[in-house]
Ligand SMILES: [Zn+2]
């Protein structure tokens with residue numbers, strides 16, 4: 001608790017850094033000083049190059065649907081407001097069976113805290129066997145019409161499984177997707193969420209900062 005009695009905000013974003021792990025066929029993350037006080041320049045000024053699906057980021061409908069909305073058209077309410085962190089115990093997938101026990105409602109923002117949070121961000125290499133959303137669970141989320149889905153590694157779909165199908169099912173249902181969260185510092189429960197993508201024109205994705213505050 002802070003002095004005011006409000007719970008503190010908890011950062012659930014990963015830090016963007018040079019050489020960080022990324023989806024194998026996506027561009028590398030390059031962050032370098034173009035100007036450097038240590039090299040005699042007047043200031044420090046960095047150059048950043050990366051795919052828009054790096055680190056913590058938002059997927060817009062345009063990612064898998066031709067001519068659909070980009071992240072700059074995202075309603076702010078998609079990623080700001082009450083959110084529920086759901087602890088996933090299954091070691092490989094977010095399953096429909098496990099979700100069925102959580103009474104999801106239309107319009108909810110749900111974030112899945114899987115073993116990814118404590119396992120996948122600790123290494124500099126891309127983790128292929130991360131926990132992802134199963135086809136049946138994606139169908140269930142689409143039917144339930146949740147507003148937003150968050151996952152704690154780089155894709156809602158699997159690396160070896162059909163990731164495109166999972167993305168399409170969610171995006172075609174109008175669900176906004178947050179990927180690349182690090183939920184290791186939070187437990188299951190209800191939170192206020194602020195998560196906003198950088199306003200990139202007509203972009204299929206955009207890096208975002210995500211923070212949660214427990215609702216007391
Ligand atoms: Zn993405």
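Between rounded, prolate and oblate, where does the stretch 54-171 land on the alpha carbon gyration tensor, with a ≥ b ≥ c its root eigenvalues, rounded for a/c under 1.5, else prolate if a/b exceeds b/c?
Rounded is the answer for the stretch 54-171, as its axis ratio a/c remains below 1.5.
Beta bridges from DSSP with both residues in the stretch 137-216: antiparallel share about 70 percent, rounded to the nearest 5.
Estimated purely from DSSP H runs of n ≥ 4, each contributing -39500 (n - 2.57), the mean residue ellipticity at 222 nm for the chain is -3500 deg cm²/dmol once divided by its residues. Note on the chain: Rg/Rh from Cα positions, Kirkwood definition for Rh, rounded to two decimals, is 0.99. Considering only beta bridges that DSSP places wholly inside the chain, some 65 percent are antiparallel.
Percent antiparallel among DSSP beta bridges with both residues in the stretch 1-112, to the nearest 5?
60
Helix 135-144 and the longest principal axis of the Cα set of the chain meet at an angle near 80°.
A protection proxy built from the mean count of other Cβ atoms within 10 Å ranks the segments 32-42, 204-214, most packed first, as 204-214, 32-42.
What is the stretch 126-214 by shape, rounded, prolate or oblate, if you read a ≥ b ≥ c off the alpha carbon gyration tensor as root eigenvalues and call it rounded for a/c under 1.5, prolate for a/b larger than b/c, and oblate otherwise? Because its axes are fairly even, with a/c under 1.5, the stretch 126-214 counts as rounded. Round to the nearest 10 and give me the degree value, 0 to 90, for the angle of helix 163-172's Cα axis relative to the longest principal axis of the chain. Computed tilt is about 70 degrees. A straight line joining the Cα centroids of the stretch 98-140 and the stretch 201-216 runs 16 Å.
Any read-out appearing in this document is the output of simple, stated calculations on the displayed coordinates, not a laboratory observation. Predicted model, so just to flag it, every value in this text is computed and none were measured. When we count neighbours, we look across all protein chains shown, and the Cβ atoms used for this are built from the backbone with ideal geometry, even at glycine.
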